[in-house]
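A.B. asks: The following block contains the structure, expressed as structure tokens.
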Amino acid sequence: MASEQPFSKLPSIPSPEQLIDVAFRRASKATAKMPTKRDKLLIAKLKEITRVRTVASVMVNRLRSIKKGIPSIDSLHPFYRDLFYVIIDPDKFKIALARISKAASMVERLSKEYVSKLREATTISEAARIRREYYGRVASIIKELKSDLSLLSEIKRLGKLPSFDFAVPTIIVSGAPNVGKSSFVKCVSTAKPEVAEYPFTTKSVSLGHIMGPRGAIAQVVDTPGLLDRPLEERNKIELQAIVALKNLEGGIVFLMDPTETCGYPLNYQINVLRSVKEMFKEKPIVIAITKIDIASDEQIKKAMEKLKGERVFTCNTLECIGVQEVVEELLKEVMKGASGN
């Protein structure tokens, strides 16, 4: 069973303007309990006190819920933690949380100070002036959080990551674009794969589970936009996002299209394989030639020659032929590595 994705229930992060607007609008609609004595000054003071307290309540609760709603990064699985730090600078993140916490305390403290001032007001206009002064001060405090709230809003990008089960091996399916990675995942998955997202890619990621009589025995994920290009075509941030995959225990399936109908020549695909091997030296890799239903004997032979020295499987991911053997071989290698044999 997949563990809950730690970023799936992140609180919404408002802009300073949105938070100020919500707080002030709610305060304008707030009603105070009126005294039996119909004293106009007393009524005005109670209304302004209610507004101040409402603004403070909205702002403080929202800021503190933001901080509380963000998971403890140090307690995350290394996979999720590494991806978090690809998007968010750790030092800026800590500063942002501290500033938000401090702002909440300042708004709360000021509300008590201004409620005291309102109780001492001697005229209706003075009470209104004190409330407006409070509004101005808290608005300034919230506006200073612009960069902090903007930084934290970036975490939302992780909200659609796959929910991985770290108790079972993960099979990462790699290869050039259009070689059949998503079809492979569908073939070997017991149920319909989960469609999720991954940072720095424009395509969806499919995550499937391979079930046994006692539950999941492995999970399998394709990698569109990730392990489909040579390392030299990657920028630093993309490489960091790929490195996070190293934290998933398991192995790699590399698919190669001998027909080149994927749009990439064999030499390019070999370069992708070389990059995958370099990036994941510690993981077992099983290579499979795909599209054997349309590949000619000559095309398969040529691909095999390019892969000379490698143990190579063949499969047809559209009709799910040969895919089970690929998975079984990889899981065997994964178990062998886990036992130290």
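A.B. asks: Taking the condition of being free of Cβ contacts under 8 Å to residues at least 24 places away in the same chain, within 28 Å of ASP39 (Cα to Cα) and of a type in the set (Gly, Ala, Ser), how many residues in the range 91-150 meet it?
C.D. replies: So the answer is 3.
A.B. asks: Turning to a different aspect of this structure: Regarding SER182, is this residue touching a Leu at 6+ places or on another chain (Cβ under 6 Å), of a type outside the set (A, V, I, L, M, F, W, C) and modelled with pLDDT of 90 or more?
C.D. replies: Numbers: touching a Leu at 6+ places or on another chain (Cβ under 6 Å): no; of a type outside the set (A, V, I, L, M, F, W, C): yes; modelled with pLDDT of 90 or more: yes.
No, not satisfied.
A.B. asks: Can you tell which of SER8, SER72, SER15 is over 18 Å from SER105 (Cα atoms), among the hydroxyl-bearing types (Ser, Thr, Tyr) and open to solvent by less than 50 Å² (accessible area, probe 1.4 Å)?
C.D. replies: On the way: SER8 fails: open to solvent by less than 50 Å² (accessible area, probe 1.4 Å); SER72 fails: open to solvent by less than 50 Å² (accessible area, probe 1.4 Å).
Only one candidate qualifies: SER15.
A.B. asks: Let me ask something else about it. Look through ALA216, ALA191 and report the one residue that is aliphatic (A, V, I, L, M), out of contact with any Phe, Trp or Tyr (no Cβ under 8 Å at 6 or more places or on another chain) and open to solvent by 50 Å² or more (accessible area, probe 1.4 Å).
C.D. replies: ALA191
A.B. asks: Residue check: is VAL243 β-branched (Val, Ile, Thr) and open to solvent by less than 30 Å² (accessible area, probe 1.4 Å)?
C.D. replies: Details: β-branched (Val, Ile, Thr): yes; open to solvent by less than 30 Å² (accessible area, probe 1.4 Å): no.
It is false that VAL243 is β-branched (Val, Ile, Thr) and open to solvent by less than 30 Å² (accessible area, probe 1.4 Å).
A.B. asks: Go over the candidates ILE130, ILE100, ILE49 one by one and state the one that is closer than 26 Å to ILE155 by Cα and of a type in the set (Val, Ile, Thr). Before you say what the answer is, go through the steps one by one.
C.D. replies: On the way: ILE130 fails: closer than 26 Å to ILE155 by Cα; ILE49 fails: closer than 26 Å to ILE155 by Cα.
The conditions single out ILE100.
A.B. asks: Separate question: Check the range 155-162 and report whether any residue there is modelled with pLDDT of 90 or more and either under 18 Å from CYS320 (Cβ atoms) or surrounded by 15 or more Cβ atoms within 10 Å (Cβ to Cβ) (or both).
C.D. replies: Yes, some residue in the range 155-162 is modelled with pLDDT of 90 or more and either under 18 Å from CYS320 (Cβ atoms) or surrounded by 15 or more Cβ atoms within 10 Å (Cβ to Cβ) (or both).
A.B. asks: How do the helices (runs of 4 or more DSSP H) wholly within the range 30-148 filter down when requiring 2 or more residues that are more than 30 Å from PHE164 (Cβ to Cβ) and at pLDDT 95 or above: which remain?
C.D. replies: Hits in the range 30-148: 40-69, 90-120, 124-143.
A.B. asks: Given the conditions (1) surrounded by 16 or more Cβ atoms within 10 Å (Cβ to Cβ); (2) closer than 22 Å to ILE171 by Cβ, and given that ARG274 satisfies all but one, which numbered condition is not satisfied?
C.D. replies: ARG274 satisfies all of (1) surrounded by 16 or more Cβ atoms within 10 Å (Cβ to Cβ); (2) closer than 22 Å to ILE171 by Cβ except (1).
A.B. asks: Being basic (Lys, Arg), part of a helix (DSSP H, G or I) and either within 30 Å of ALA216 (Cβ to Cβ) or without any contact (Cβ under 8 Å) to a residue 12 or more places away in the chain (or both), is that true of even one residue in the range 299-317?
C.D. replies: Just the residues of the range 299-317 that are basic (Lys, Arg), to begin with: 301-302, 306, 308, 311.
Going one step further and asking which of them are part of a helix (DSSP H, G or I), we end up with 301-302, 306.
From the residues that got through so far, the ones that are either within 30 Å of ALA216 (Cβ to Cβ) or without any contact (Cβ under 8 Å) to a residue 12 or more places away in the chain (or both) too are 301.
Within the range 299-317 (the criterion being basic (Lys, Arg), part of a helix (DSSP H, G or I) and either within 30 Å of ALA216 (Cβ to Cβ) or without any contact (Cβ under 8 Å) to a residue 12 or more places away in the chain (or both)), the answer is yes, since at least one residue qualifies.
A.B. asks: Still on this structure: Scanning the range 207-231 for residues that are modelled with pLDDT under 85 and not in a loop (DSSP other than H, G, I, E, B), which turns out farthest from VAL323 (Cα to Cα)?
C.D. replies: Restricting attention to the range 207-231, the residues satisfying the condition of being modelled with pLDDT under 85 are 212-216, 223-231.
Okay, now just the ones that are also not in a loop (DSSP other than H, G, I, E, B), so 212, 215-216, 231.
Details: GLY212: 17, GLY215: 20, ALA216: 18, LEU231: 27 Å.
Filtering the range 207-231 for residues that are modelled with pLDDT under 85 and not in a loop (DSSP other than H, G, I, E, B), the one farthest from VAL323 (Cα to Cα) comes out as LEU231.
The values are calculated or read from the model by the stated rules, or taken from the named source; none is laboratory data. Source: prediction; values computed, not measured. Cβ coordinates were reconstructed from backbone atoms using ideal geometry, including for glycine residues, and neighbour counts include every protein chain displayed. Calculation scope for accessible area: heavy atoms of the full protein, side chains included, ligands and nucleic acids excluded. Shrake-Rupley method; radii C 1.70, N 1.55, O 1.52, S 1.80 Å.
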